[in-house]
Amino acid sequence: MMRGIIAAWVALGLLGGTLGCSMAPPVPPHQEAAAPPAEPSPSTTSESARLKDALTGREMSPSEVAEVSDRLLADGQALNDQQTMARLELVILKTLKDPDKTHRAVLWRNLGIIHYHQQKYKQAEHDLQSANELNPKNPRTHFYLACLFAHKGRIYEKSGKTRASQQQYKRAAIEIGLARKLEPSNALYKQDIKQIIQQENGK
């Protein structure tokens with residue numbers, strides 16, 4: 001029974017039904033302080049070992065890398081595992097050099113998600129835009145671009161650059177609008193993007 005529930009949640013995550021740009025369920029602030037650091041799940045540890053093998057020996061095909069990265073990025077615990085994310089980043093970069101372009105849009109998008117969570121916003125924007133050029137009909141790419149532009153808008157807003165902030169918020173509105181149009185049934189995309197960003201920042 002429990003395995004069935006876990007499998008259902010994983011499947012929902014892979015379909016893009018993740019919770020906010022952080023892709024992990026929001027935790028009330030009073031619980032955050034009390035909670036011990038989360039240990040990587042056995043599946044994350046196994047995937048991390050597989051990524052290590054891909055860097056040191058056994059090659060992974062572009063389709064395998066796309067599948068593994070989708071699974072890991074749908075897992076909130078894996079996102080917080082810096083070693084796993086570092087390995088995944090290197091494997092994706094290595095795979096992007098492969099002549100097989102079939103999964104390139106997914107790989108660029110997932111690299112952008114990693115860089116977004118590492119707060120490397122310039123790199124994340126490049127990656128997500130690269131993914132969008134290859135496949136402009138992926139709602140998850142548009143959603144992360146919306147998160148990215150909203151974050152940039154917030155940064156400009158805090159530094160008093162009102163015009164630049166408004167421009168970024170407009171870009172975020174366009175991107176979240178595209179995500180909603182492409183996947184109208186996804187409840188996540190119906191949320192207010194500014195509120196999602198505020199929750200990420202704990203405010």
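The values are calculated or read from the model by the stated rules, or taken from the named source; none is laboratory data. In this text, all values refer to a predicted model and were calculated from it rather than measured experimentally. FYI the Cβ positions are ideal-geometry reconstructions off the backbone, even for glycines, and counts take in every protein chain you see. Side chains included, ligands, DNA and RNA excluded: accessible areas come from the protein's heavy atoms. Shrake-Rupley method; radii C 1.70, N 1.55, O 1.52, S 1.80 Å.
Checking every one of the trypsin sites (Lys or Arg not before Pro) in segment 100-147 against DSSP loop status and a limit of 13 other Cβ atoms within 10 Å picks out K101, K137.
Can you give the FRET efficiency for T56 and Y121, using 1/(1 + (r/R0)^6), R0 = 35 Å, r = Cβ-Cβ distance, to the nearest 0.05? Efficiency, rounded to the nearest 0.05: 0.70. In segment 71-167, the portion of solvent-accessible area held by carbon and sulfur atoms comes to 48 percent [1.4 Å probe, whole percent, DNA, RNA and ligands not counted]. Other residues with beta-carbon under 9 Å from the beta-carbon of P139 carry, at +1 per Lys or Arg and -1 per Asp or Glu, a net charge of +3. Remark: spin-label model distance A49-T102 equals 2.8 nm, labels positioned 7 Å along the Cα→Cβ axis. Heavy atoms of the protein chains alone define the surface here; on that basis segment 92-189 has 52 Å² accessible area per residue at 1.4 Å probe size. Taking each of K120/K152; K101/K194; K97/K181; K94/K181 in turn, the alpha-carbon distance tops 23 angstrom for K101/K194; K97/K181; K94/K181.
The P(r) of segment 48-203 has a tail past 19 Å containing 55 percent of all C-alpha pairs.
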